Each structure stands twice: as C-alpha cells, then as structure tokens.
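Scroll down for the structure; my scribbles are underneath it.
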Amino acid sequence: MTTAMTCTRLTLFTVAGIFIQIIGLSIFVFGFFPVKPTLSGVSGSESYRDPFCDPSSNLNESELHHPEKLRLLYQELSGISSKYDRLILMVIDGLPAEFVLGKDGQPPWKVWKESMPYTQSLLANGDAIGYHAKAAPPTVTMPRLKAMVSGAIGGFLDVAFNFNTQALLDDNLLGQFFRIGWKMVMLGDETWLKLFPGLFMRHDGVSSFFVKDTVQVDRNVSRHLPNELNSDDWNLLILHYLGLDHVGHTGGRNSPLMAGKLKEMDDIVRTMHLKAMMDRSHDQGQTLLIVVSDHGMTENGNHGGSSYEETDSLMLFIGLSSNISDYTAATNNVAFQVDLAPTLALLFGVPIPKNNVGVLVPGTLNSLRDYEQLRALELNSWQLLRLMQAQMPSSLFEGFSCNCFVDGTCEGLSLDISECSGDKEKQLICLFRNAAVLHGIWKSKKLTESSSAMEDFSRALNAYNTFLKTASEWLASKTTEKPVLLLGVGVSAMLLSCFVYVTLFLSLFKEFYHEPKDRVCNLSYRLKLEEVFIFALLLILVISMGSSSMVEEEHYIWHFMVSTLHLLLLFKTAKSFNFSKGMNYKIGSIFSLLICGRLLRGWHQGGVNWTYLPDISKWLEQAGSGYIKWIQLISNFLVIFLGLFPLFRTGSKKKSVRILAFGFSTCGFLVLLHAGIYQDDMFEVSNEYGATVTVKVIYLLLSTCAIGAAVVLPWFMLNKEKSFLAEAGDCLYLIGSEYILCWCLLQLLLQQPINSGAILLLLIQILAISCLSSNGLQVNEWVEIAALYYMGMTGHFALGNSNTLATIDVAGAFIGISSHSTILSGILMFMITYASPLLFLLCLVMYIGAKLRNHSHSTISTHRETSLGQILKLKLGFPCLVPLCINSILLTAYTVVLLLMRNHLFVWSVFSPKYLYVCATTLCTYIGVCIVAITVTYTFFVTTFLRSNRTTRHNIS
C-alpha cells in the first residue's frame, strides 16, 4: 500500500479483507467445533454377546424378515424379562425438575407443589420416582430429544441446527422399536416428525416456534387423548407439550400463567395414569408412563446455556416397581438425560443404541432378579466398551478374548481384583476387568449356592456401576481430534485480514491528519488522552477474554469504560469552557450521555452470576404491568417525536421530506396501536388476527419508508444556494435520521415491553452524540466513530443480552409471522439481539451528514478541486474502517483465546457460546458497514450527477 492510496484500491483491499476474514472464520469454525465420534450402523443381536467374540459368528438378522421373530430373538438373547407392553413418553418442554422435585433436598415451592397435586401424591405414595436429569448444553429442544432417544451427546453446533431439523440417521430407540414391529403415535412438537420421518402410524404435529401461543398448542395434543387411550393398536405414544416452554419465554418462571399450565399438565398425568395404567377394563397390557422435559429455563424463561436452571430437566417414572415409599427417596435422585436411552432399551428388550454414552438409571431395575440386574449392567458395559474400543489403542485390550472372564482363560490378564491407577484409559480397562471378574465369581458361587453370594452380588453391582459411571463421563467428554492444520489456516487468514485492516487504517490516518505513517507507527507520535483510552479499552477487552468469569460478566467492562470515556469528553470540553451557545449544547449533550448511560447500566442486571440483584426492569415488573404499559406508551411517543425532530432540523421545506415524515408518523401510530391494544394480553398476541395484520402493515411501511428515503431523497434535495458537500450532507443527515427512526420503531415492536425505555435512552444518546459532533467535539473523527461502536456494544448488554445463549429473545422472533419460517424467524431474532450495535452503525450515516453540513475546515476545499473518489475515501474511509478494524482485532484475539482454551473445563459452556456471539457481531458489523457504504456512495453519485446536469443545462442556456 503506497502513499497514493486511491478510493478504488482502498475499496478493493477492504473487500478483500472481508472475504479473507470470512474464509478464515469458516475454516476455523468447522475445524474447531467437534463432531462426536460415532459408530456406523445399528445395534443388533451382537450387542448381547461379548464384544471380544467374533462378530461373524452372529446370526444374520436380515434372514428374520418378521419383526416378531426379531423381538423374540432379542428377548431370548438379553436374558431379561420384560414386564411392560406399552410405553407413554410425555415430554413437557422446558419444565425444570425443580418445579416437581424441589431443589437441594427441599420440596418444590408451595405454588408449584399445589399446582401439581396428583403428581405429588404419586411421588408421596411410591407410585412414581423422579430424577434431576442433567442435560448437556446447548439446552435447546432438538439436540436434547436426540440425546434422550440415542443416548449420544451431539456437537455444540446443534444449537444452530435446532431451527432446521434434519432426520436422525444414527442408531436410536425409535428405530429399534420400529424394527421389532412396534406401532408408534406422536402428538405435539413437529420436531419428532422431522427427526423420524415415516415411523409414526398416526401423528399430529405443531410448530414449536410460535412461542406466543400458550393455549392452542397444547389443546391440539390433548384433544386426541381420549381416543388414543382407548386404542390398543399402539405400543409407543409420544406426547410433546410446548405450552409451558412458551409461558416461560413470554413471562418467565414466575409468569401468572405458570401455575395454570402446571395444573393442566398435572390433569393430563392424572388422566393417563387412571385410564392407561389403572383401568383394567381393556386388555391393553402393562403400560409404563415416563414424564420428561428436554431442558429447564432461567428466571426469564429462556434456555440454551449451561446454568443449573437450564440443565435441570425432569425424568419421572410412573408405574415402575421401585419399592420406594419415602417422598425424599422418590424425589432426591440424580441422573443424566442420556441415561434414558439404555434404560428404556433394557426395560423393553431392544439393543442399546450403538453410540449411547448413558448408563442405566439407578433404581429403575430394582424389581428384577439378581442375575437380571447384573445382566443388564453387563450389557450396558459391553455397549460402552465397544465405543471405547473405537477410541483407544488396540494394545490396551491385549489378553481379552471371547468369554474369557467366564471361562477363566484371559491370557496375560490377572483375574484378581486390584486397585485401578494410571492414565484414564488404563483405569477404565482395569475397572471393567474388576467388574467382569466379580460377575464371574458371583455366577460360580450362585451355582454352588454359597452363603457369600449376596455379598459378591453387591460387590459386582458396585463394580459395574463404578465402571459405567467412569466410562460414561470419559466418552461424553471425548470428541474427535481437532485438525491442527485446518485451525492454523483459519487463524492465519484472520490474522492476515486484521493486518490488512490496520494497515489501511494507518494509511488513511496518515493522509487525513498529514502524519507520516512511519511516525504514526513508532513512539514519536504522541497519542491524545482519548486516543489512548480507545486503545486501552481494546487491550482490556483482549486481556479479559482469557478469563471465564470476565467473559460471563463482560458487560461490566463495557459500561465502566464507556462511562469513563464520556467523563473524558466532559473533562476535555470543560477545559475550553466559555459561555457560548455551542458550549452549552456540548455540556448538555455530555450530561445526557452520562445520565442515559447510568440508566442503561441499571436497566438489566446482566451476565450470569449476579442476575438476581435488583435492577430497573425488576422494579418495574414488581410494580405491576400497568407501570410497564405506561412506560412503553410514553417511550413510543417520545421516540416518534425525537425521531421526527431531525427531519425538520435541516430547515428543509421539501415535499419529499413531508411525505416521509407522514409515513413514519403513520408507522409510529400503528406501533402505538399495537402496544396499546394488542399487547394488553401479551400472552395471546399470536391468536389475534388483527395483531398479525397490523404488524405486517408496519413491516411494509417501515421498509418502504427506509428504502424510499435512501433511494428517492438524493434526487429531490438539489439546492442551488448550497455547496456540493453541504447539499450531500443535508441529504445524508435526513437519510440517517430515517434509518434511526425506522430501526427504533422496529425495535419498539419486537423487543420486550420492558425494553421500550432502554430504546428511548439509546436514541437520546445518539442525538446527544450527533449534537456534540455538530458543535465541534475537538476530538479526531476516528475516535468519535470508535466511541459510537463502543456505545453500540454497551447498549447490546443494556437491553438484557449476555454471552450465554439463554438470553436470546425467542418470543419476539415470531411477531407478525402467520406461518413458521426458519429464515424469517432467524432474521427477526438477529435484529432483536443486535438492536443496539446495528442502531449505532446506522447512525454513522447521520454522523457523516452532520460532518458535511458543518464543513468549515477540512482536507477537502471544494468539489472542483477534489475528485469524487477522493471525497468518498476521506468521508467514508473511517466510518467503514474503524468498525471493521475494531471487530477484526476482537475476533482474531478471541479466536486465538478459544484455541488456547480448547481443553479448558468451560470451553463449551462459556467460551464457545461467546464465540458464537463474536461471529454474529462480525456479521452485524459487515451488514452495518455495507449499508453505510452503499448509502453514502449512492447519495454522492446522485448528487454529482444532478449538479453536473444542472451545470450542463446552465452552460447550454
């Protein structure tokens, strides 16, 4: 990059940097995020034989065309009697186990316990046994359902695939049931139909993404219950209720609808227990009812992260002969969600899915005889051992042979019980050997009816449980090796992109401020205080990325540093204080920034560890919905008024401006109408046809006004009395104002009502910084742009976002959508999450316009002396390069941190979710910069074209 950096070269290098960064990021993401190692195929009769036996000796199951023959074969080989003929799996989406079983040995809260009296009576009488089933992150529906039916833990990126579910091809319980001839019925979440197409003889699916619907989505399931419970043509009935999860999304754990929804679920449990299990008037066989949840929910009702509240899912067995009569023993149990798969497989006589990492749920096999219990544990151990064989060196299994522990012919292996030490792999082999040896000893003593057989049974049982627990933990944490070369290429590409951006920035800095680039790069260049602060904030953010606690509480850094930056601006302004009108505006604007910043800081108590502390949103919620409604309406009105004010601040009397003002006024009125009428019952919005139509009209008007302003205004802003730059400045100022108002109105529509006040405060901050820039802030332009970028990120956390997936607002992503669309919902979710960063990036258009309108001294003297490319470079260079440069530094730094933390304990629960946010922030920056660049370039070209035509006509005349 030479001294003569043209606009074209600057553009080409910038676009090249973006493409290099995208390529590097894509390579790193697909190389870093793991794919769990899996075994191909499905489990069959070989799963009932010693894993060291020759698989070729197994019966060819393809010869058993009839499912009933295959079922009888499995039953014979398993050696475990099946007491149940039918299974009802009731999934209550989002139900925390705490609601039913309590927490830390304490019973559930009174309101929750009283809402489920029948379920509580089953637990108290010993007719049910419940477990806190820990779910693995990410805690979203699709990967959790896959975990329950396959016993396998999916990859971290399953959170992205949750919105576009594909058929499950891995070995799973439903596939095993289908092979032995089971008839299956599914009612509820259509995710089951996408995961298992063609397996259900009857089904009625509902979309899981209309989170505003808390009533009809469950009625659609329950209306089929009377007929299904009277039918005897099914073996498996799946009921997936979504209403409770939707109540959480729209109102949180303490929603006024939560108690009623729990009572509704309790009535359904009562109906099924009495009709399908207690009523013997129909010869339908023995039925087992299992009530599970896919995940829990946070206080705000969201999920996706790894907190206790989100991973605390329920597993409740009703009708299991567990011989438990004590309420504490029935509720104070712990398991893992993946444990459901092997438990059901062994209870119903099918092979355990091939890639299962779960273990038998303790207490579920107590009704079996001694040899059946040990046989079940042996089968579970064999299945895990097969997974281990695929991931361990074969040398560790030397000496093992077919049935050698039974025959006592294991060559080179000691058959004595020993302490297991050494590395993890050797410990696992040792633990399995101990369990197998003890099992063999019990068998030999059982035949001789030895008096010590009971003691040997307990020892073998404990040995198997120890091995299973250790092996399950090891397999659950095991992932494929990350390709070092691929990761290196990805990081190198991002480093190259970062270098390109920084070099471009320094080149532009040299030209803009007439500083030699070599002097800028060395210590002889003295940075101003605010410039030092901008770099210091970047350095602090990079350093903090290595701490999991600082990643969780990142919002503290942004709030503190941005507030300090505002104080620096106040200090700088006070040093040159005078009683001029402009100075009063500057002082007032800085105080507005400080006051709004403090209110935004207290609006939401974000992060992870301190969310229980009081904040403004909690106070308003405690005060009642009436106060929130008034703040929402007042905020909406003030946003409309303040958003329209800049349109007339230019003094323009043009008809086009009046038309746009009328259009936005109409949009504002409709947003007020929606807030005042249709959101009175915020939980029923999706049932209101009028609300959906109103929102669609708002979408149409807002998009028409925003695009119309950008496309039409430059053609109608020609002013003979103004210079080229002032004319372009007026136009860009108006377009930027339109963008800001459009985005604020859209956010007032999509955001939770409690965030309306925060949107107003963000708008006031933008107007304050615009006023400061118009009155000469006496700081370099790139510092002002960096400050805007920082304020956007601060606002991101002020709206309640964090670095956990649980704070993503799913409810707003379906406002105004009449039929489910993954793409539209994803776009709306992105808009809600990145409302503040995009708002401050869009305000750069107004910022550029304000700078041009107040153009008194610059490197550009007149249009005639400077080419259009030079103008674009100097006026668009920093607004595009500064956000890209800052984002590139943070992205590259965090990529390196994530690579270094790949073996950290919290790599999947803390660092990886943060990286997804960093990637999304990169996309947000690309979008914002592209909009700014296209708008400014288009406006300059149109203005140049119009002035050239006017000059031509004037010369001709």
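Can you work out the FRET efficiency for the pair Phe648 and Ser121, with r the C-beta to C-beta distance and R0 = 60 Å, to the nearest 0.05? Using R0 = 60 Å, I get an efficiency of 0.30. Between amide H atoms placed 1.01 Å from N, distances below 5 Å from Ala133 occur with Ser313, Leu314, Met315, Ala335, all of them 5 or more places distant or on a separate chain. Distance between the modelled labels on Phe662 and His66, one decimal in nanometres: 8.1 nm (7 Å Cα→Cβ projection).
Applying a threshold of 28 Å to the alpha-carbon distances of Lys83/Lys146; Lys722/Lys873; Lys443/Lys478 flags Lys443/Lys478 as lying beyond it. Once divided by 2.2 N^0.38 Å, the Cα radius of gyration of the chain becomes 1.10.
Arrange the peptides 560-571, 483-494 so that the one whose residues have, on average, the most other Cβ atoms within 10 Å appears first. Write out the running numbers ahead of the final one.
Working: 560-571: 18.1, 483-494: 16.6.
Order by mean packing, descending: 560-571, 483-494.
A crude spin-label estimate for the pair Ser394 and Ile543, with each label 7 Å from Cα along the Cβ direction, gives 5.3 nm. For the chain, the 222 nm mean residue ellipticity estimated from helices alone, with every DSSP H stretch of n ≥ 4 adding -39500 (n - 2.57) and the total spread over all residues, rounds to -19500 deg cm²/dmol.
What ranking of Trp743, Trp234, Trp715 emerges when the number of other C-beta atoms within 10 Å of each C-beta is taken as an exposure proxy, fewest first? Can you show the working numbers first?
Values: Trp743 24, Trp234 19, Trp715 13.
With the sparsest Cβ surroundings first, the list reads Trp715, Trp234, Trp743.
Among Val100, Tyr915, Gly296, flag the residue with its Cα farthest along the positive direction of the charge dipole of the chain, charges on Cβ as +1 for Lys/Arg and -1 for Asp/Glu. About the Cα centre, the residue reaching furthest to the positive side is Tyr915. Subtracting the Cα-Cα distance of Ser321 and Val711 from 0.36 nm times their residue separation leaves 133.2 nm of extension gain.
Which length gain, in nm to one decimal place, applies between Gln622 and Ile634 when the Cα-Cα distance is subtracted from 0.36 nm times their residue separation?
Values: separation 12, 0.36 × 12 = 4.32 nm, distance 1.92 nm.
Result for the pair: 2.4 nm of gain on full extension.
Placing unit charges on each Cβ (+1 for Lys and Arg, -1 for Asp and Glu) gives the stretch 82-366 a dipole about its Cα centre, and among Val338, Leu236, Thr139 the Cα reaching farthest toward its positive end belongs to Leu236. Given +1 at the Cβ of Lys and Arg, -1 at the Cβ of Asp and Glu and no other charges, the dipole of the chain around its Cα centre is 4560 debye to the nearest 20.
If you place +1 on the Cβ of every Lys and Arg, -1 on the Cβ of every Asp and Glu, and leave all else neutral, what size is the dipole of the stretch 82-366 about its Cα centre, to the nearest 20 Debye?
So the magnitude is around 220 debye.
Here the Karplus relation 6.51 cos²θ - 1.76 cosθ + 1.60, evaluated at θ = phi - 60°, turns the backbone of the stretch 929-945 into coupling constants of 5, 4, 4, 4, 5, 5, 4, 5, 4, 4, 5, 5, 5, 5, 4, 4, 4 Hz, with x for every Gly and Pro. Dividing the mean sequence gap of close Cα pairs (under 8 Å, 6+ apart) by how many residues the stretch 82-366 holds gives a relative contact order of 37 percent. Here the label points at His904 and Lys696, each 7 Å from Cα along the C-beta direction, are separated by 4.7 nm in the simple model.
Taking every DSSP beta bridge that has both ends in the chain, the antiparallel portion is near 35%.
Give the calculated FRET efficiency between Asp267 and Ala476 to the nearest 0.05, with a Förster radius of 45 Å applied to their Cβ-Cβ distance. Can you show the working numbers first?
Working: r = 36 Å, r/R0 = 0.81.
Efficiency for this residue pair is about 0.80.
Below 8 Å, C-alpha to C-alpha, sequence gap of six or more: please give me the relative contact order for the chain in percent.
Working: 1499 pairs, mean separation 147.6, N = 957.
This gives 15 percent for the chain.
Which of Asp50, Asp189, Asp312 has the fewest other C-beta atoms within 10 Å, and how do the rest follow up to the most?
Ascending number of Cβ neighbours within 10 Å: Asp50, Asp312, Asp189.
For the stretch 582-634 and the stretch 766-822, what is the separation of their Cα centres, given in Å? Using only Cα atoms to place each centre, the spacing works out to 15 Å.
For the stretch 82-366, give the share of DSSP beta bridges that are antiparallel, in percent and rounded to the nearest 5; count only bridges with both residues there.
Numbers: 13 of 38 bridges.
If I count the DSSP bridges inside the stretch 82-366, around 35 percent turn out antiparallel.
Checking the a/c ratio against 1.5 first, then a/b against b/c, what shape does the Cα gyration tensor give for the stretch 82-366? Rounded.
Which one of Gly490, Trp182, Met846 has its Cα pushed farthest toward the positive end of the charge dipole of the chain, where Lys and Arg give +1 and Asp and Glu give -1 at the Cβ? Positive-most Cα among the choices belongs to Met846. So what's the angle, to the nearest 10 degrees on a 0 to 90 scale, between helix 724-750 and the longest Cα principal axis of the chain? The answer is roughly 30 degrees. Of the chymotrypsin sites (Phe, Trp or Tyr not before Pro) found in the stretch 170-225, no site is in coil according to DSSP while having at most 14 other Cβ atoms within 10 Å of its Cβ.
To the nearest ten degrees, helix 581-603 and the longest principal axis of the Cα atoms of the chain are 10 degrees apart. Please determine, in degrees from 0 to 90 and to the nearest 10, the orientation of helix 7-32 with respect to the longest principal axis defined by the Cα atoms of the chain, where the helix direction is its Cα long axis. Here the helix axis deviates by roughly 10 degrees.
Suppose R0 equals 56 Å; then what is the FRET efficiency for Ser867 and Leu613 from their Cβ-Cβ distance, rounded to the nearest 0.05? Can you show the working numbers first?
On the way: r = 56 Å, r/R0 = 1.01.
Approximately 0.50, to the nearest 0.05.
The residues Tyr926, Tyr501, when put in order of fewest to most other Cβ atoms within 10 Å, stand as Tyr926, Tyr501.
Coordinate-derived values only; no laboratory data. In this text, all values refer to a predicted model and were calculated from it rather than measured experimentally. A quick note on method: Cβ atoms are made from the backbone with ideal geometry, for glycine too, and the neighbour counts reach across all protein chains shown.
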